[in-house]
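Right, one structure below, let's go through it.
The values are calculated or read from the model by the stated rules, or taken from the named source; none is laboratory data. What you see is a predicted model, and the numbers here were worked out from it, not measured in a lab. Remember, those area values only see protein heavy atoms, side chains included, never the ligands or the DNA or RNA. Shrake-Rupley method; radii C 1.70, N 1.55, O 1.52, S 1.80 Å.
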Amino acid sequence: MQLSNRNHHKKPRHWFARLAKRLAPAMLALVATSAAHAEGQIRIAYQYDVGDILLHVVRDQKLIEKYAGQEGIQAQVEWKQLSGGAAINDAILSNTLDVASTGLPPLLTVWDRTYGKQNIKAIAALGSLPTYLLTRNPAVKTLGDFGPKDRIALPATTVSLHARLLQIAASEKYGKDKFNHFDELTVSLPHSEAAAALLSGKTEVNSHFASPPFQFQELKDPAIRKITTSYDILGGPATLNILWAPERFQRDNPKTFIALRKALAEALAFVRNNKAEAAAIYVRLENSKLPVSFVQEIISSPDVQYTLQPQNTYKLAAFLADVGAIKHRPASWKDYFFDEAHAQGGS
């Protein structure tokens, strides 16, 4: 009986071994398929403004799908529009987004917050577009003319790109310890509402640190004029929006990462050479009421430079470290960009 029992126990082991051997190729194929499928998935948050027009072209022409196919994977791209850097940062950190476009301050904040952990970095710049500080107060002709009764609208007081630009300007004009000189004059308003307020001339908001396309609309009013720009404050053409992701996305999805960078490069060439068609794509995807000719005028402006390389980003990064807004001081712009962006240069 004991011998019978031993034989009885051996048969299942032999059977399972043979079954595992037969199933191994199928299991390996299933794992490979799952990995490829997972890598092709990418969730991207992008902005409503023309600073993200490269991404509008990437989406419209399915360029990620095109280059993913060349890498041997099938891409599934999900596009999302989220308002505000904080919401986007939270979505990335909770793994409900893979890639996001924001302004420079949200990137630097989340880079600092995830330093040595998720290690969020920039994939590419999306272009250098100026932001204008505008006013309809006839008494204001320079930054030094703003007084206690003026109200400057910007997307978020203290922490937005526009607020930080004012702080840099104040520190250069009044000294580093007076960097918050203009903070008490600022109010938080979405660009669309701020533009409407400035154009109406009927609210306390008599100034607006604007972004395209709103600033170009506002300047159509002869009562509104430009006081300074992001280019003036940062010392030349400056990156407006940046595309970034956590290190895990780059590490776990190398083929998708390559496809994304190739897609951006093709979109860049397209926008540079096809301004009218790029403007039409933007208007159509945004369901915008802006005339295509007006969008084309904006993206054709000599001040607008579409490039994947960062321009004049480090001055803001160093300033944020100086005022304690970020704890880790980058040695250069390369610290907060992935290595793939380094070869072509930047600042």
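List of remarks:
- In percent, rounded to a whole number, the relative contact order of the chain is 25, using alpha-carbon pairs under 8 Å and six or more apart.
- Taking the chain as a Gaussian network of alpha-carbon nodes connected by springs under 10 Å, the highest mean-square fluctuation of the residues A279, A238, A87 belongs to A87.
- Computed on the Cα atoms alone, the convex hull of region 181-325 gives a volume of 163 cubic angstrom per residue.
- Rounded to 5, percent antiparallel among DSSP beta bridges of the chain: 55
- For S288, no residue has an amide H sitting under 5 Å from its own, ignoring neighbours fewer than 5 places away on the same chain, with H placed 1.01 Å from N.
- Taking all protein chains together and rolling a 1.4 Å probe, I298 ends up with roughly 0 Å² accessible.
- Residue of K334, K117, K289 that the Gaussian network model of the chain assigns the largest fluctuation, springs spanning Cα pairs under 10 Å: K289
- Heavy-atom accessible area with a 1.4 Å probe sorts H328, H56, H191, largest first, into H328, H191, H56.
- Correct option for Kirkwood radius over Cα pairs in Å [calculated from the coordinates] among (i) 22.9; (ii) 22.2; (iii) 21.3: (ii)
- For region 295-346: rounded, prolate or oblate by the Cα gyration tensor [a/c cutoff 1.5]: oblate
- Residue-wise HN-Hα couplings along region 169-185, as the Karplus relation 6.51 cos²θ - 1.76 cosθ + 1.60 with θ = phi - 60° gives them from phi, are 4, 5, 5, 6, 8, 10, x, 4, 6, 10, 4, 9, 3, 8, 4, 5, 8 Hz; Gly and Pro carry x.
- When a 1.4 Å probe is rolled over the protein heavy atoms, the share of accessible surface on the chain that falls to carbon and sulfur comes to 53 percent.
- Over region 51-160, relative contact order from alpha-carbon pairs under 8 Å, at least 6 apart, %: 21
- Cα pair distances of region 182-259 binned at 5 Å [whole percent]: 3, 12, 17, 17, 14, 9, 8, 8, 7, 5, 1
- Mean residue ellipticity (222 nm) of the chain, computed from DSSP H runs ≥ 4 via -39,500 (n - 2.57), nearest 500: -14500 deg cm²/dmol
- Solvent exposure of the chain as accessible area per residue, Å², 1.4 Å probe: 47
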